[in-house]
Every structure is written in C-alpha cells, then in structure tokens.
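Enquirer: Right, I'll just put the structure down here and ask away after.
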Amino acid sequence: MLCTTPSKSSLLFPVMALLACSTAWAQSPTYKVGRPPTEAELRAWDNVVGSEGKELLPGSGTAKEGAKIYAAKCASCHGQTGQEGPAPRIRGGRGTLNTPDPMLTVGSFWPFATTVWDYISRTMPRDAEGSLSADEVYSLTALLLYWNDIIKESDVIDTKSLLQVRMPNRDGFYPPTPEATTKNSNWKPNWNQARPAKQ
Ligand code: HEC
C-alpha cells in the first residue's frame with residue numbers, strides 16, 4: 001500500500017493512514033542477511049558477573065600476587081596504597097557512610113565481592129580495559145579485599161571463595177539487595193543509613 005498523506009480529506013484520515021502504515025511495517029519482510037548469534041558470541045556479550053557469580057571465569061589469586069600487579073598496572077592512577085589518587089580511593093572509609101562526609105569505596109560501600117571482580121575485569125586498568133587475565137583479576141580482587149580488612153593476605157580467592165566473601169555493607173541498601181541478582185535491579189543506597197537526618 002502507499003503511505004502518503006492525502007492532501008484534502010477529513011482530519012481523521014491521516015491518522016488512519018499512519019496506523020495502517022505502521023501495521024505494514026510491523027510485518028516487514030526478512031532480508032535474508034545475518035544469522036542468529038552463536039552461544040559463544042552471546043557469552044562474550046552477556047558477561048556481566050552477577051551476585052551468584054555464575055559468569056565468573058575459572059582462576060585464582062592472592063593479595064600478595066595482586067600487590068605486584070597493582071604496582072605495575074594500577075598505582076599510577078589509584079596511588080601506591082590505593083588512597084592517594086588521583087583516581088578514586090579504593091581503600092578505607094568503613095564506618096563513614098553514616099556520617100555527613102561518607103567515603104564510598106569497594107570496602108565501605110559495595111555489597112558484593114563478585115562485583116569487584118566484574119568491575120576490574122571489564123573496566124580496569126582504565127587505559128587498557130579487558131587486558132587482565134582471570135588470575136590477575138582474582139589477585140587484584142584479593143588485594144582490594146585484603147586492603148579493606150575483609151580477607152587475610154594469604155587467603156586464596158577463586159570462583160568458590162569469592163562467593164563466600166560477605167561485604168561489610170551487604171545490608172546497607174534499600175530495598176534490601178536481592179539475594180539472587182545484581183542485574184537490572186533498582187537498588188538505591190539506603191540514604192536513611194548513609195545520611196543521618198540533620199539535627
Ligand atoms: C588510567 C588511570 C587508571 C588506571 C591505570 C586504573 N584505574 Fe581504576 N579507576 C580509574 C578511574 C578514573 C576510576 C573511576 C571510574 C569512574 O568514575 O567511572 C576508577 C575506578 C576504579 C574502581 C572503582 C572505585 C569505586 O569505588 O567506584 C576500582 C575497584 C578500580 N578502579 C580498580 C583498579 C585496578 C585494580 C586497577 C589496575 C588493574 C586500576 N583500577 C587501574 C582510573 C584508573
């Protein structure tokens with residue numbers, strides 16, 4: 001059918017014509033190009049690690065190993081001990097959420113350890129995203145957890161032990177963080193907790 005707007009007719013007609021046209025487009029033909037994505041391609045795209053850690057790549061690491069990688073690949077932006085900047089602090093701040101000057105770090109704020117792995121794996125180092133091996137990411141995650149007094153320096157972090165880590169601010173969100181998913185969720189910081197009412 002022709003999708004033209006008639007020049008002189010009732011006001012209603014153009015609307016009907018538009019409706020008819022959009023119905024026609026909804027049944028548009030397939031063009032016989034492309035193909036459905038393969039399993040591997042979907043996995044490469046859908047690789048955000050949720051709180052259940054199903055998407056974690058196999059591997060392991062310790063804070064000791066992480067310290068060497070950190071010095072080479074992270075310290076230039078985050079500082080020698082993770083506090084000096086210029087990039088955001090990734091250490092300290094526990095107990096500050098409830099104060100007028102909250103300091104948000106991996107240790108003080110983030111609810112799931114799997115998110116630390118995910119974030120480092122996909123977005124760091126900022127100038128070479130995606131370049132770290134899975135073992136390097138486990139080691140760096142272990143270092144940040146150790147620096148934030150969540151695990152011991154000798155603890156081995158791997159697919160299983162990472163899931164057992166309970167982050168200090170795990171219950172500090174409202175509504176409570178769903179147990180099963182970090183994807184598509186709408187949590188907001190629990191501002192009642194993070195920002196005390198002014199007196
Ligand atoms: C070129 C500079 C640069 C390098 C190198 C770098 N980062 Fe970052 N990093 C940043 C910036 C900038 C941010 C803040 C990101 C934002 O605001 O989106 C950040 C954020 C982070 C955060 C989240 C902080 C938070 O609580 O929001 C973590 C964790 C982190 N980086 C870890 C690392 C690790 C581990 C390495 C080494 C593999 C690394 N970064 C290397 C610049 C860098």
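FYI, it's all coordinate maths here, none of it is from the lab. Just so it is clear, the model here is predicted, and its values are computed rather than measured. Heads up, the Cβs are rebuilt from the backbone with ideal geometry, glycines too, and the neighbour counts pull from every protein chain shown.
Enquirer: Hey, fewest Cβ within 10 Å first, where do Glu55, Glu136 land in order?
Expert: On the way: Glu55 16, Glu136 20.
Fewest-to-most Cβ neighbours within 10 Å comes out as Glu55, Glu136.
Enquirer: Using Cα centres only, tell me the gap between segment 72-86 and segment 125-166 in whole Å.
Expert: 16 Å
Enquirer: What ranking of Val165, Val33 emerges when the number of other C-beta atoms within 10 Å of each C-beta is taken as an exposure proxy, fewest first?
Expert: Ascending number of Cβ neighbours within 10 Å: Val33, Val165.
Enquirer: For segment 60-164, give the magnitude of the charge dipole about the Cα centre (Cβ charges: +1 Lys/Arg, -1 Asp/Glu; no others), in debye to the nearest 20.
Expert: 100 debye
Enquirer: A follow-up question, please. Can you tally the net charge around Gly130? Count Lys and Arg as +1, Asp and Glu as -1, for every other residue whose Cβ sits under 14 Å from the Cβ of Gly130.
Expert: For residues surrounding Gly130, the net value is -1.
Enquirer: Here's another thing I want to ask about it. What aspartates and glutamates could a cross-link reach from Lys160, if we take a straight Cα to Cα line under 20 Å and drop same-chain neighbours fewer than 8 places away?
Expert: Result set, ordered by chain and number: Glu52, Glu55, Glu65, Asp118, Asp135, Glu136, Asp149, Glu179.
Enquirer: Quick one: order Asp127, Asp118, Asp101, Asp135 by neighbouring beta-carbon count within 10 Å, fewest to most.
Expert: Final ranking by Cβ density, sparse to dense: Asp101, Asp127, Asp135, Asp118.
Enquirer: Next question, about the same structure. Can you work out the FRET efficiency for the pair Leu163 and Ser133, with r the C-beta to C-beta distance and R0 = 25 Å, to the nearest 0.05?
Expert: Computed FRET efficiency for Leu163 and Ser133 comes out at 0.80.
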